[in-house]
1. Farthest toward the dipole's positive end in the range 1-152, which of 49, 96, 20, given Cβ charges of +1 (Lys, Arg) and -1 (Asp, Glu) about the Cα centre?
2. Once the Cβ-Cβ distance between residue 23 and residue 50 is put in as r, and R0 is 25 Å, what FRET efficiency do you end up with, to the nearest 0.05?
3. Rounded to the nearest 0.05, what FRET efficiency is calculated for residue 283 and residue 165 with R0 set to 35 Å and r the Cβ-Cβ distance?
4. Taking a virtual spin label 7 Å from the Cα of residue 330 along the C-beta vector, which residues in the range 2-27 bring their backbone nitrogen under 17 Å of it?
5. Full extension from residue 6 to residue 120: what is 0.36 nm times the residue separation minus their Cα-Cα distance, to one decimal in nm?
6. Toward the positive end of the charge dipole of the chain, about the Cα centre and with charges on Cβ (Lys, Arg +1; Asp, Glu -1), which of 205, 11, 327 goes farthest?
7. For the range 139-180, list residues with backbone N below 12 Å from a point placed 7 Å from the Cα of residue 344 toward its Cβ?
8. Could you give each residue of the range 98-108 its phi-based ³J(HN,Hα) in whole Hz, using Karplus coefficients 6.51, -1.76, 1.60 with θ = phi - 60°, and x for Gly or Pro?
Amino acid sequence: MRLFDVYQLNQIAPVRALGSRLWDEAGVEYLDLYGGHAVISIGHTHPHYVKRITEQLNKIGFYSNSIINPVQEALAQKLGEMCGHPDFALFMCNSGAEANENALKVASFYNGRAKIVALKGSFHGRTSGVVAATDNPAIVAPINFNQHVVFIPHNDIAALEAAVDDETCAVIIEGMQGVGGVHVASDEFWQTARRLCDAHNAVLISDSVQCGYGRSGKFFSHQFSGVEPDLISVAKGMGNGFPVAGLLIHPKFKPKYGMLGTTFGGNHLACAAALAVLEVIEAENLIAHAAQMGEYLKTAISQMPGVVTVRGRGLMLGVVLEIPCSAVRDELLYKHHIFTGSSSDKFTMRLLPALSLKKEDADIFLEKFRLVMEKHVAAVA
Ligand code: PLP
């Protein structure tokens, strides 16, 4: 059987990884400023993570959600303490799309409505409900298309005020749009969304799949605005590569048996991985580190030739170039062996390294990036 060919592949096959480094079959070393798409939070194969997952696997790896799972309870407890929403409840699942899909369901069960307000440039996943709320018609199949989603321009307060009404089920916002090219939702936008949702009994959802889990320099990027959403979806960095996701649910939503469910979600192994991630984030103070390293990179990159601006916070940066970024990224990868990310805007390159990125590694990136940009800017001049 061959693979269903839906991914445009870099011609590299990593076989080993550690921290912010990867190695291919020939032993060539790569620096990872992409984190496997914002997934690697504590660094590849962190020893504590490997140990915790191995120990768990030797005890019990999986049982369905029909039994008491103390590892899931321990994770909910620790996540609540660390993330700043200790009174929320946790529902566990397997991917970012599933977390958002469940967010829309919880919201709709709550107020009995269907209309969703989403933002232009958004990405919320590829499953039925959330792909309809994703601003990319190319990935919305006819069966996914529905009449319930209203898209408004990013950070447009007047459009938000016009869109949210007594029919609105939920407003869904990425604190920093990832795929869209790292656009930060303004404090005023969050605060207006909160006020309007309260006024109309609509539900405010923070899609924190990419910008959450410390990547912004706070646990959640909505925390910069002082706003408390009703539902928060998490995935990516939560498991450092282990497929695990969750929905954090405000106490005003009352659970009912059978309301949500999953076979694999919240299994012992996934919870051990997620606990290991939180333990390392705490022990190594990685959220403060991400804030510092993000500022360091942002300041340095802003002064580079050919850079228009740098958007974002912490270690989620959108570097806007004067030229399309594909040639720059290819040269960084194939000549200097550095992974970076793209976005839906061809001029915006994304940096999504591990939160544990070392300053020495940031400096290597900065040195090589300068070389590449000097060359490309000279070629255009
Ligand atoms: N939401 C956001 C903001 C994302 O960036 C992504 C994935 O890139 C998703 C949801 C979907 O997550 P998954 O690919 O795990 O389904």
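Values quoted throughout were computed directly from the atomic coordinates according to the rules given, and no laboratory measurement underlies them. Bear in mind the structure is a predicted one, so any value in this text is a computation, not a measurement. Here the Cβ positions follow ideal geometry from the backbone for every residue, glycine too, while neighbour counts run over all protein chains shown.
1. The Cα lying farthest towards the positive end belongs to 96.
2. Numbers: r = 16 Å, r/R0 = 0.66.
Plugging the Cβ-Cβ distance into 1/(1 + (r/R0)^6) gives 0.90.
3. Working: r = 47 Å, r/R0 = 1.34.
E(calc), rounded to 0.05, equals 0.15.
4. 8-12, by backbone N distance to the label point.
5. Here the answer is 38.6 nm.
6. 11
7. Within reach of a label on residue 344: 139-140, 151-154, 174, 177-180.
8. So the Karplus estimates, Gly and Pro as x, are 5, 4, 5, 4, 5, 4, 5, 5, 4, 4, 6 Hz.
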